[in-house]
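K.L.:
One structure coming up, written as structure tokens, with questions to follow.
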Amino acid sequence: MTAIVVYGLQEALRRRIFAVVVLLTAVFLFLFWLGTHYLFADLESLGPPPTNAIDTRTLAGATVLGLGMFATLFLGAVLAVFLTIGVVRGDAERGLLQPLVVRPVGRTTLLLSRFLGSVAVCVPYTVIVFFGAVLIVGGNGGYWPDRYALPAVELAAAVVVIAAIGILGSVFLSSTANGIAVFMFFGSGLVAGLLGQIGRGLNSERIERIAKVASWLAPFEALYQDALHAITQNTVGFTRIALELGPFGGAEQGGLQLRVWTAAYLGVVGAGALVAFVRRDL
Amino acid sequence: MAAALAVRGLGKRYGRVEALRGVDLEVGEGELVGLLGPNGAGKSTLVKIACGLVRPTAGEATVCGAPAGSAAARAALGYLAELFRFPGWYTADEVLALHQRLGRSDRGAAERRELLDLVGLADAADRRVEAMSKGMSQRLGIAQALVGRPRLLLLDEPTSALDPVGRRTVRVLLEELKARGVAVLLNSHLLSEVELVCDRVAILLDGALVAGGVTEELARPRGVEVDVDGGMRRYEHAGRADVPGIVARLIRDGEQVYGVRVLRSTLEEVYLDAVGGATE
Ligand SMILES: Nc1ncnc2c1ncn2[C@@H]1O[C@H](COP(=O)(O)OP(=O)(O)OP(=O)(O)O)[C@@H](O)[C@H]1O
Ligand SMILES: [Mg+2]
């Protein structure tokens, strides 16, 4: 089992995936730092807020961290997708998979190991980028979120869900088709989240309901919403109202239900991938 | 003792294509069997079923007594696919090390060196796969199939990319394996090669066996040729048993005999007969 996990990690390492990821993440974090820096600088020059009821620092900080979390999710998802798109059919088409499958390890172990290998890359990556964003916002503007561990775990879990979906898709689709499919699914989830906000803005319960169902069908979105909610968990009053009007405001809370659902979802996706892989002709 | 590979009533359909229709085949312990047939006959399909990559739709296959595809069956075999690739960033040595770990072979660096030596890659142990020629990676593929001392080797066109020296190396290797009691099922289009090394051949056509048997017996006698002073004399209906008589008679008649050749039909002729010149 470890042999295959290591095999997956080496694949990422030798294909220069890590090099590209580290470089571009550094570029992103730098841009994010620049944006945050000027945002807070402008905030100072604006002078005292028009009303004392709104804490502009919290408002600006939470909003820009929300943006950072969106980017974290996006980057983590890109990584998860590219590490998993070709695990079964893509590798089989290239003739890479057959020599491994024929060995006594067994297909179940093989697939689980490939999953764990990609998770071992994506999870630390997501956590690091999230805390990078937190430090940048805190360092520049003195805004610190209400919760740290929960949003980090939830963003990481969202990326794990995407990795699992990528592996399931890889059993049926060739690399390119699978990549397109997973990204479209990811995009649909994000759209569902935005739709939910529009629904709340318009006070349309029906839109909100549709959006909620959709974001639970794509639980990475619900997890992301819950993580967004967590960073301003203890913020109250007019600041909260102002936040809810912003682009990353009004986030849905998932709670325990969401955690159970995510675990079940991962179980179903994983079992589906295993059953399909075990029966598949290679 | 159970046969290294036993296949009974094996059938496989891919949608509307019937790749195998009721094939029976056995490869005994230490036996070298050649599997022949035109493109699309089902040779690769049969081998893939034997190593558990493809599930049959009818019949059964066992490897050393264990059902094909089970962990025990996979542990007993080594496989070289007709189209395969190793990750380009691995060196030859690392590829073998990975397969040692997966195949639970504990013979370490000594085994890797021995195998690379066996296929003529001793100098390329640290060469990356992406920097290898086609023939070199095929040699590495053969070495990979031998990791963990399999009792059954399934080789799907192992010499298709090899130069003449490489083919000879493989031929010598196969003979050595036979001596060690390893059973081999060899898919090949190179009839001369199969004729040289295989104990038996089986010829597939459209998913069914159309001919098979001990390689030497398949080849029918086609007379005897004797080299004498006046040139070649041909005895159409004679066989090996008739040679002493023919030579004795020629010498009695005062001829000088320089050489005798027993003619037999080649495997190629047998093959063409069996498949009726068919290719898909
Ligand atoms: N995955 C697949 N899906 C559909 N049909 C397939 C598949 N694999 C093989 N076939 C069909 O099954 C038949 C047997 O194919 P197979 O690869 O076993 O032939 P082969 O004897 O190995 O040929 P070759 O000498 O060209 O390697 C062919 O008609 C082929 O088109
Ligand atoms: Mg073939």
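K.L.:
Could you check segment B:16-73 for strands (runs of 3 or more DSSP E) lying wholly inside it with 2 or more residues that are within 16 Å of ligand 2 (Cβ to nearest atom) and surrounded by 20 or more Cβ atoms within 10 Å (Cβ to Cβ)?
P.N.:
It comes to B:17-27, B:32-36.
K.L.:
Considering only segment B:93-122, how many residues are more than 22 Å from B:T169 (Cα to Cα) and either polar (S, T, N, Q) or within 14 Å of chain A (Cβ to nearest Cβ) (or both)?
P.N.:
Within segment B:93-122, residues that are more than 22 Å from B:T169 (Cα to Cα) and either polar (S, T, N, Q) or within 14 Å of chain A (Cβ to nearest Cβ) (or both) number 11.
K.L.:
Right, next: Of the residues that make up segment A:53-62, is at least one among the hydrophobic types (A, V, I, L, M, F, W, C), open to solvent by less than 20 Å² (accessible area, probe 1.4 Å) and within 20 Å of A:V171 (Cα to Cα)?
P.N.:
no
K.L.:
Tell me, which helices (runs of 4 or more DSSP H) lie completely within segment A:140-232 with 1 or more residues that are modelled with pLDDT under 95, within 19 Å of A:A62 (Cα to Cα) and out of contact with any Cys (no Cβ under 9 Å at 6 or more places or on another chain)?
P.N.:
Of the helices (runs of 4 or more DSSP H) lying wholly inside segment A:140-232, those with at least 1 residues that are modelled with pLDDT under 95, within 19 Å of A:A62 (Cα to Cα) and out of contact with any Cys (no Cβ under 9 Å at 6 or more places or on another chain) span A:149-172, A:175-202, A:219-231.
K.L.:
Which of the residues spanning segment B:130-140 are assigned to a helix (DSSP H, G or I) and either crowded, with 19+ Cβ neighbours inside 10 Å or basic (K, R) (or both)?
P.N.:
B:K134, B:M136, B:S137, B:Q138, B:R139, B:L140
K.L.:
Within segment B:141-168, which residues are under 17 Å from the mean Cα position of the chain (by Cα), within 14 Å of chain A (Cβ to nearest Cβ) and either open to solvent by 10 Å² or more (accessible area, probe 1.4 Å) or more than 16 Å from ligand 1 (Cβ to nearest atom) (or both)?
P.N.:
The answer is B:I142, B:A143, B:Q144, B:A145, B:L146, B:P150, B:R151, B:L152, B:L153, B:E157, B:S160, B:A161.
K.L.:
Another question, then. Criterion first (more than 19 Å from the chain's Cα centre (by Cα), surrounded by 15 or more Cβ atoms within 10 Å (Cβ to Cβ) and within 16 Å of ligand 1 (Cβ to nearest atom)) does B:D273 satisfy it?
P.N.:
no
K.L.:
Okay, next question. Tally the residues that are in a strand (DSSP E or B), within 15 Å of ligand 1 (Cβ to nearest atom) and out of contact with any Phe, Trp or Tyr (no Cβ under 9 Å at 6 or more places or on another chain), restricting the search to segment B:169-211.
P.N.:
9
K.L.:
Name the residues in segment A:132-180 that are within 30 Å of A:R94 (Cβ to Cβ) and either open to solvent by 40 Å² or more (accessible area, probe 1.4 Å) or free of Cβ contacts under 8 Å to residues at least 40 places away in the same chain (or both), would you?
P.N.:
Passing the criteria: A:L168, A:F172, A:L173, A:T176, A:A177, A:I180.
K.L.:
In segment B:74-89, what count of residues is obtained for those that are more than 8 Å from every other protein chain (Cβ to nearest Cβ), surrounded by 19 or more Cβ atoms within 10 Å (Cβ to Cβ) and of a type outside the set (G, A, S)?
P.N.:
1
The values are calculated or read from the model by the stated rules, or taken from the named source; none is laboratory data. All values reported here derive from a predicted model rather than from experimental measurement. Cβ coordinates were reconstructed from backbone atoms using ideal geometry, including for glycine residues, and neighbour counts include every protein chain displayed. Ligands, DNA and RNA are stripped out before the accessible areas are found, and what is left, the full protein with its side chains, is counted by its heavy atoms. Shrake-Rupley method; radii C 1.70, N 1.55, O 1.52, S 1.80 Å.
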